[in-house]
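The values are calculated or read from the model by the stated rules, or taken from the named source; none is laboratory data. Keep in mind that what you see is a predicted model, and the values were worked out from it rather than measured. Neighbour counts are summed over all protein chains in view; Cβ atoms, including those assigned to glycine, are modelled from backbone coordinates with ideal geometry. Note: accessible area is taken over every heavy atom of the protein model, side chains too, but ligands, DNA and RNA are not part of it. Shrake-Rupley method; radii C 1.70, N 1.55, O 1.52, S 1.80 Å.
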Amino acid sequence: MKNLSLSTYEFITKLYTLRFHLIFICTLGVLYSQEALGQGQFNLRLQTGFPLEEFAEQNESIAFGVGGLILIPLTEDESVVSVGLDASYMIYGMKSDDYIDNNGFEYTLNTNNNIFEGFAMVRFKPRWVDAFAYPYVDGLIGGRYLYTRTTEEEDGEELDAFIEQDGFSFAYGGAGGVLISLTEEIKLDIRGVYTQGSKAKYMTRNSIYPDPIFPDEFVYDVKRTRTDMLTFQIGITFFIE
């Protein structure tokens, strides 16, 4: 196995090399600005993601995961425009296979393919007071981190773990949804998100398999395509003073 274990320091360093990190810094400045005193929004959700175009041609797995966002209006009243941050984590393929090494020992190889997404965002919604439903549209810019993690197990005990492949893609897009009132402060949030992602290297569910010539070795089929996705989300949004 390729031992490409990714430390926390390396992960943070790679995140900061992304071209869009300045956008996050600027957005955080707005979020903590004393001028942003309006009613904020905090969301937690479940989501499913569908690869599109060439990403779908190379990857047939549907992604499932969780996410959340935080939004702050630009003015103290019921502002039409809010800004914030959106983040999510999804798994887009899992596999578990049993093998026997050259010494006759049996072991299990577990593979997980993962996506972490982060976006700066702006939301536009009508200034409707006491409405039952609130439609909105979002603009997003950020990126996604795709990585494949494998673990080796023997008799249920984990022997080793690896990051086999990782890659980053710049992404941007839009979203639309509706907030449905459950109470004055709690809304059901239904949302669809379309994002275009630049090319990135990644693996899929069947990218790791035994070498037909050397059975104790593995073949790593690394893909490189655009990473466009369509995501559907449902969650709860809390309005916070």
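Structural remarks
- Residues that are closer than 22 Å to Glu54 by Cα, open to solvent by 40 Å² or more (accessible area, probe 1.4 Å) and modelled with pLDDT of 95 or more are absent from the range 178-191 altogether.
- Per-region count, the range 222-241, residues assigned to a strand (DSSP E or B) and open to solvent by less than 40 Å² (accessible area, probe 1.4 Å): 8
- Options Ile70, Ile91; residue that is within 20 Å of the chain's Cα centre (by Cα), farther than 20 Å from Val137 by Cα, at pLDDT 85 or above and assigned to a strand (DSSP E or B): Ile91
- Output for the range 192-221, where each listed residue is of a type in the set (S, T, N, Q), surrounded by fewer than 21 Cβ atoms within 10 Å (Cβ to Cβ) and part of a strand (DSSP E or B): Gln196
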